[in-house]
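See structure below.
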Amino acid sequence: MEIAIVTLDGFNELDSFVALSILNRAKGNGLRAVITGAGQSVTSMNGIEVRVQEPLSFTATADVVLFGSGIHTRDHINDPDLMAQINLDPSRQMIGAQCSGVLFLHKLGLLPATITTDTKTRSLLARTDTVLEDRPLVAQGNIVTSGGCLSSQYLAGWVLARALGTDRAMSILEYVAPVGQKSQFTKQARDIIVPQLDVPAKRPLYC
């Protein structure tokens with residue numbers, strides 16, 4: 001299973017790197033997560049330069065595509081040349097978006113009926129028909145959204161649970177959980193992720 005973590009200039013390190021690290025702990029199960037972006041490298045919101053592993057065209061063939069947030073998201077979604085390189089098919093791909101990453105879903109016409117996002121992005125979607133919920137993770141069909149920087153752990157866990165089953169996903173999340181809090185952390189993750197694994201669309205999902 002190939003996973004594209006769309007990572008563009010101005011990206012939030014927590015969104016891309018946490019998901020990348022957690023997902024690649026399932027390499028033995030056949031999962032591979034890669035930094036996917038434009039050009040040969042991208043620079044984060046705090047000035048960290050990272051080599052791009054796959055081009056944006058990789059989004060068309062990847063099994064999973066995740067969009068993180070960043071300080072230039074609105075510029076990126078209004079760049080027609082960049083957006084033309086992103087081709088998704090939610091009938092066969094799992095698609096996730098975190099915080100301002102949901103703006104990519106909106107631009108691509110893939111915004112579900114119910115989503116979650118961060119506080120700043122919430123106001124930008126207030127005029128849409130989408131219901132904004134105050135939860136860390138909200139899924140409908142093959143599309144999932146998450147809100148808050150540290151929700152990346154739940155986003156990655158959702159992908160793992162869909163791909164490998166809940167038990168394997170929880171074992172990976174337990175491994176990265178803080179010492180002394182593993183049981184508590186895993187229970188919380190399970191309570192958040194499991195109810196979102198088989199949620200149907202409330203209206204035509206890929207509008």
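The values are calculated or read from the model by the stated rules, or taken from the named source; none is laboratory data. For clarity, every value in this text was computed on a predicted model and none was experimentally measured. Glycine also receives a Cβ, built like all others from the backbone with ideal geometry; neighbour counts cover every protein chain displayed. Keep in mind that these areas ignore ligands, DNA and RNA; they rest on the heavy atoms of the full protein, side chains included. Shrake-Rupley method; radii C 1.70, N 1.55, O 1.52, S 1.80 Å.
Go through region 39-74 and report how many residues are in contact with a helix residue (DSSP H, G or I) (Cβ under 9 Å, 6 or more places away or on another chain) and open to solvent by 40 Å² or more (accessible area, probe 1.4 Å).
6
Filter region 144-185 for residues that are over 20 Å from L31 (Cα atoms) and in contact (Cβ under 8 Å) with a residue 60 or more places away in the chain and give the result.
C149, L150
Condition (residue is in contact with an Asp or Glu (Cβ under 9 Å, 6 or more places away or on another chain) and among the aromatic types (F, W, Y)) applied to region 56-66: is it met by at least one residue?
Yes, some residue in region 56-66 is in contact with an Asp or Glu (Cβ under 9 Å, 6 or more places away or on another chain) and among the aromatic types (F, W, Y).
Table: residues versus (1) surrounded by fewer than 18 Cβ atoms within 10 Å (Cβ to Cβ); (2) part of a helix (DSSP H, G or I).
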position: D134; (1), (2): yes, no
position: A139; (1), (2): no, no
position: L155; (1), (2): no, yes
position: W158; (1), (2): no, yes
position: A161; (1), (2): no, yes
position: D167; (1), (2): yes, yes
position: M170; (1), (2): no, yes
position: G180; (1), (2): yes, no
position: T186; (1), (2): no, yes
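If L108 passes every condition in (1) open to solvent by 50 Å² or more (accessible area, probe 1.4 Å); (2) closer than 15 Å to F11 by Cβ but one, which one does it miss?
Result: L108 fails condition (2) only.
Within region 1-103, which helices (runs of 4 or more DSSP H) (wholly inside it) include 2 or more residues that are modelled with pLDDT of 95 or more and more than 16 Å from the chain's Cα centre (by Cα)?
Of the helices (runs of 4 or more DSSP H) lying wholly inside region 1-103, those with at least 2 residues that are modelled with pLDDT of 95 or more and more than 16 Å from the chain's Cα centre (by Cα) span 73-77, 80-83.
What number goes with the only condition from (1) at negative phi; (2) open to solvent by 20 Å² or more (accessible area, probe 1.4 Å); (3) in contact with a helix residue (DSSP H, G or I) (Cβ under 9 Å, 6 or more places away or on another chain) that G148 does not pass?
(1)
Of the residues F11, F17, which is aromatic (F, W, Y), surrounded by 24 or more Cβ atoms within 10 Å (Cβ to Cβ) and within 23 Å of V138 (Cβ to Cβ)?
Sole residue among the options that is aromatic (F, W, Y), surrounded by 24 or more Cβ atoms within 10 Å (Cβ to Cβ) and within 23 Å of V138 (Cβ to Cβ): F11.
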